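A.B. asks: Handing you this structure, nothing more for now.
Just so it is clear, none of the values below were taken in a lab; they were calculated from the coordinates. Predicted, not measured: the structure shown is a model, and the values here were computed from it. With ideal geometry, Cβ positions are generated from the backbone for all residues, glycine too; neighbour counts draw on all protein chains shown.
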Amino acid sequence: MATGTAPRQIMPAEAYVSMEWFRREQAELFSRCWVFAGMTEDLKAPGDYQVIATGRASLILLRDAEGGLRAFHNNCRHRGTRLLEGKGNVGRAITCFYHSWSYDLAGRLKSVTLESEQFPGIDKSCLGLKPASVATWRNLVFVNPDPAAEPLERWLSDIPQKLGPFEEGETRPHDPERLVEVADVVYRVRANWKIIVENFIDGYHLPLLHPISLGDGDFMKQHWEAVGRHQAFYRPLKPGISHNDRPLPVIEGLPANYGASYQWLFPNLGLYNLATFWSTFHVIPLEAGLSLVQSRIRAMPEALERAANWPREFTDLPPHIVSAKGPYAEARDPFPPVHPTKSNNVMLEDIYACEAVQAGLEAGGTIGPLSRWERPLEFFQRQVLDYVAV
């Protein structure tokens, strides 16, 4: 872990509880950054789309007629109407429900209702959908509302070289894009998105809140480093421990005793990687004190064979889970008969902690000094304050 001057809390408590702060972050931070938008396989066929909210912008992520990915601002060029919601397939064109203006999959305006009678001389070539930026890294898709955004490669800095055994290199069996998805769970957390981020990157709480659920980790040897605006971590397993006895098989090409590497891609995406899986941890701000967290896990294809008779989608979910899909989703025992901090479930423990911090701050609590293992929190807060000044 990096050393030097003692880290300190530089974010005011108001930043975690104020809707005014939340609105400023949406306008000044999320509207100006590359943000995670999903996996390449989420959009398979021409016309497949997904609406992405990033800051004040609503974007359409779309698979075009040639199979490429495009991103557009989700507004009709006639009255500014929101064109699409959710996800699905638009066929060969995006048609506005209001006045039936129609755009092809390249965003060009192709049809104006009653054009000759109502819009004589209109130049449709100037009224295509406004583009946004879209780029991929590995099997991850990112969007930016700015059509002239800096290249994603520059934004990522050296993160591709900080992924432990998953770092950039020749094609290998354990590359994330060659693994298969085995779990997709969306959690509801009554906490500010930054509290959830800071919990993810906080090395101090790991052996204290998770003594059993993460009891195999040698946290005294954890290592952290800043990577551009992002962060990279590693912690080994305790001596003599391996992943050979876990439900998921060890990924081909990885040592069974590999610990955990995790990276934080500013502002709101975590990657968490063990010898048995590669996962994304996407924090989605909804309100000052409410967020969603989507966790998606990828593993060796044989994991699906092992779980052939396990459920693929869960119902009757507890309040903290919005949806759960995949045979390895942590929803088979949704109501543990113990307090969350005694549940031996990392997510339940973390959700309880994040919500407790939120409740304390909303009640007027203050934030004290940071430990050396909480240096990542100060670094993250500095990145936020670069966009949203105090």
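A.B. asks: Every cysteine in the chain with no other Cys Cβ under 4.7 Å from its Cβ, please list them in numeric order.
C.D. replies: Lone cysteines by the Cβ rule: CYS33, CYS126, CYS354.
A.B. asks: Another one. Does anyone have the angle between helix 375-387 and the longest principal axis of the chain? Alpha-carbon axes, 0 to 90°, nearest 10?
C.D. replies: Once rounded, one gets 20 degrees.
A.B. asks: How large is Rg/Rh for the range 45-109, to two decimals, with Cα atoms and a Kirkwood Rh?
C.D. replies: 0.93
A.B. asks: How many times 2.2 N^0.38 Å is the alpha carbon radius of gyration of the range 35-148?
C.D. replies: Dividing the Cα radius of gyration by 2.2 N^0.38 Å gives 1.06.
A.B. asks: Could I ask something else about it? Could you give the angle, 0 to 90 degrees to the nearest 10, between helix 346-362's Cα long axis and the longest principal axis of the Cα atoms of the chain?
C.D. replies: Around 80 degrees separate the two axes.
A.B. asks: Using only Cα atoms, what is the ratio of the radius of gyration of the range 168-284 to 2.2 N^0.38 Å?
C.D. replies: Scaled against compact globular proteins, the figure is 1.10.
A.B. asks: Magnitude of the Cβ-charge dipole of the chain, K/R +1 and D/E -1, about the Cα centre, nearest 20 debye? Don't skip to the end; give the middle numbers.
C.D. replies: Details: 40 positive and 46 negative charges, 93 e Å.
In debye, rounded to 20, the chain gives about 440.
A.B. asks: For the range 277-285, just list the computed ³J(HN,Hα) in residue order, Karplus coefficients 6.51, -1.76 and 1.60, θ = phi - 60°, integers in Hz, with x standing in for Gly and Pro.
C.D. replies: My calculation for the range 277-285 gives 7, 10, 9, 10, 9, 9, 9, 10, x Hz in order.
A.B. asks: Then there's this: Rounded, prolate or oblate: which fits the range 161-387, taking a ≥ b ≥ c as square roots of the Cα gyration tensor eigenvalues, rounded meaning a/c under 1.5, else prolate when a/b beats b/c?
C.D. replies: Oblate is the answer for the range 161-387, as a/c is 1.5 or above yet b/c matches or exceeds a/b.
A.B. asks: For the chain, what number results from the quotient of the Cα radius of gyration and 2.2 N^0.38 Å? Mind showing how you got there, number by number?
C.D. replies: Details: Rg = 22.3 Å, N = 390, 2.2 N^0.38 = 21.2 Å.
Normalised by 2.2 N^0.38 Å, the Cα Rg of the chain equals 1.05.
A.B. asks: Would you tally the net charge around GLN50, using a Cβ to Cβ cut-off of less than 10 Å, leaving GLN50 out, and scoring K and R as +1, D and E as -1?
C.D. replies: Taking every Cβ under 10 Å from that of GLN50, the sum is 0.
A.B. asks: Between rounded, prolate and oblate, where does the range 1-58 land on the alpha carbon gyration tensor, with a ≥ b ≥ c its root eigenvalues, rounded for a/c under 1.5, else prolate if a/b exceeds b/c?
C.D. replies: It comes out oblate by the Cα gyration axes.
A.B. asks: First select every other residue whose beta carbon is under 12 angstrom from the beta carbon of SER213; then total the charges, Lys and Arg +1, Asp and Glu -1.
C.D. replies: Counting the neighbours of SER213, the net charge comes to -3.
A.B. asks: Taking the Cβ of ALA93 as the center, what net charge do the other residues with Cβ under 12 Å away carry, scoring Lys and Arg +1 and Asp and Glu -1?
C.D. replies: So the environment of ALA93 carries a net charge of +1.
A.B. asks: Using a Gaussian network model on the chain with a 10 Å cutoff between Cα atoms, which of TRP193, TRP137, TRP34 fluctuates the most?
C.D. replies: Looking only at TRP193, TRP137, TRP34, the largest GNM fluctuation is found for TRP137.
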